[in-house]
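For reference, the structure discussed in these notes is given below.
Throughout, read-outs are computed from the coordinates displayed, never taken from laboratory work. Note that the coordinates shown come from a computational prediction; the quantities given were computed from them, not determined experimentally. Note that we place each Cβ from the backbone using ideal geometry, even for glycine, and neighbour counts take in every protein chain shown.
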Amino acid sequence: MGKSDWPLFTTCLPASRGKSARSDMQTKELTEISILNSKPKIDILGQHPSENLRKLKKRKVLVEQKKRLSAWILFLALFGIVLMVIHTELLYFASCQWFVYLYLMKCTISISTVILLILIIGFHVKEIQLFMTDNSLVHWRIAVNAKKLAWIFLEILVCAIHPFPYEQRCEETTLVFLSQTDIFLSILMFLRVYLLPRTVLLHSKMLADASYRSIGALNKIKFQYQFVIKILMNTCPGWVLLILTISLWIVSSWVLSVCERDIHGATNLTNAMWLIPITFLTIGYGDMVPGTVCGKILCLFTGVMGVGCTALIVAVAAQKLEFTKAEKHVHNFMMDIHYTKQIKRAAADVLGEAWLLHRHTLQGDMAKIHLHQRELLGAIHIFRRRRIKHKNLKDQVNAMVDISKMQMIMTDLDCNFSSSHQNLEKRIDQLDKKLDEISRLILTAIESPQLSH
C-alpha cells in the first residue's frame, strides 16, 4: 500500500488530544475530501458502475453466442453423420451411374466438416473470452493453459474424422463399396455425438436461471454434463433410458451391418437388428455370431452397455416402487399397531401355556407336562421373533432422512432459544440501567438542601 492510500483510512484512527495531532488530522481530512471529490463515482470494488454494467452485457452476449454456436455445431455434426450413412448405403446398392453424385456427397461431408471445425474454434474463442470477462483478465494467455489447448486439439481431431474423398475407379463388373479405412473412419464419425450433452447443458433452463445458478454456486456445485444427466435421470428416467436404449440399438445394428456386410451380404441389417438386442440383454442364443474384428468389438461393447442399462433400469424401478414420506409413515404406523397386537397375543399364549404347565405339574400328568413344555417353548420362540420384527420396524422408522429432519428441527429450536436468550439479556440490561437511574435520582433527592432542611 502506497502513501497515497493512507488518507483513505484516516477515519478509522482515534482522535488525538494535542494541537499537532489535530492539525495533522485536519490536513488528512482535507486530503481525503479532495480525493473523494476528484473521484466521485468510485464504488466499493474500485470499478466504475458503467464498467460493471458493460461487463454484464458483454457476458450476456457471449453466452448467447455460445448457445447459437453450440446449436449449429451439433446440427453440422449430425448432418455429416446422416450424409455418411446415406453415402454408405447408396454406395453399396447403386451402380456406376451414381458414382459422380456419390463423390460429390463425399465432398459435401468434407465441406461440412471444415465448417464444423471453424465453428468449434469459434466456440472455444467465445469460451475463452467469457472466462476473461468473468475473471477481469487482460491477455488471453492467462486464460489458456496446456490442458485447455490439449482438449481443444483433441476435440478438433475427433470432429475432423470422416471418410476423405479420393480418386477411385468404378467398373461395371466390380461391386463398389467402402474400403476398410473408409469403414473405420465412418464408424468413428459417431464420436461426434459427444456434442449433444454440451448443447443440452447450454440450452437448459437451469443454466439460464439466475436463482438456480446462485444456489448452486453457494453449495459449490459445478454445472457440467454430469449434473444435467443426473437431473434428467431424476426427473424423467423412463424417457432417458428409452431414448438411450433405442438409439444404441439402431446405431449398433447399422454399424454391425456395415462391418459384416462383405461377409454375410446385403440382408445383414435385419440379422444385426436381431443380434444386437440379444447381446444387449446378455441372452446369447448362439444362432448368429460376428465374423469380423469390428463386429466382435461392437458386440462386446453392446454387452457392456446392456449390463449398465440393466443396472439403471433396476435402480429406476426401485426408486419408483419406494414409499413416499406420507405413505411410509402410514405403513409404519399400521405395522406398529399390528406387531404390538401380535406381541400381546404371543405374551398371552406364553402365560397360558405356563399356567397349564404349572397345573399339570401339580397333577403329575407326565404326558401333558411334556406336551405343554413343547408348546411353551414354541410360544416363547414366537414371542421373541415378533419382538425382533417390532424392533426392526422401529429401526426402519428412524431412517437417515428422519434423523436429518430431527436435527434440522433441533437446530431451529436452538436458534430460537438463543435469540430469546439474547432478547432477555437485553431487557435485563435495560432494567438494570433504569434501576441505576432510579437509585441515582433517589440519592440526588436525598442529598438536595431542600430535603435536608
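Here r is the Cβ-Cβ distance between residue 127 and residue 338 and R0 is 51 Å; the resulting FRET efficiency, rounded to 0.05, is 0.25. Residue-wise HN-Hα couplings along the stretch 228-239, as the Karplus relation 6.51 cos²θ - 1.76 cosθ + 1.60 with θ = phi - 60° gives them from phi, are 5, 5, 5, 5, 5, 5, 8, 8, 9, x, x, 5 Hz; Gly and Pro carry x.
Inter-label distance, residue 377 to residue 418: 6.0 nm, where each label sits 7 Å from its Cα along the C-beta direction.
Distance between the C-alpha centres of the stretch 312-335 and the stretch 226-305: 33 Å, rounded to the whole angstrom. Summing charges over all other residues whose Cβ lies under 14 Å from the Cβ of residue 162, with Lys and Arg as +1 and Asp and Glu as -1, gives +1. Applying 0.36 nm per residue to the separation of residue 215 and residue 149 and subtracting their alpha-carbon distance, the gain on full extension is 20.7 nm. Sorting 361-367, 114-120 by average packing, meaning the other beta carbons within 10 Å per residue, from highest down gives 114-120, 361-367. Modelled spin labels at residue 247 and residue 115, positioned 7 Å past Cα toward Cβ, are 2.3 nm from each other. Under the Karplus relation 6.51 cos²θ - 1.76 cosθ + 1.60, θ = phi - 60°, what is the ordered set of whole-Hz ³J(HN,Hα) values for the stretch 317-333, x standing for Gly and Pro? Going residue by residue, I get 5, 5, 5, 5, 7, 6, 5, 6, 5, 5, 5, 5, 5, 5, 4, 5, 5 Hz, with x marking Gly and Pro. Coupling constants for the stretch 197-204 follow from the phi torsions by the Karplus curve (6.51 cos²θ - 1.76 cosθ + 1.60, θ = phi - 60°), and in residue order they are x, 5, 5, 5, 5, 5, 9, 6 Hz; glycine and proline get x. Take the Cβ atoms of residue 230 and residue 428, set R0 to 51 Å, and the FRET efficiency comes out at 0.45.
Packing-based ranking of 76-82, 135-141, 378-384 yields 76-82, 378-384, 135-141, ordered from highest to lowest mean Cβ neighbour count within 10 Å. Looking at the stretch 255-348, the chymotrypsin sites (Phe, Trp or Tyr not before Pro) that sit in a DSSP loop and have at most 11 other Cβ atoms within 10 Å of their own Cβ are 285, 323. Note on residue 361 and residue 135: their simple-model spin labels are 8.4 nm apart, each label 7 Å out from Cα toward Cβ.
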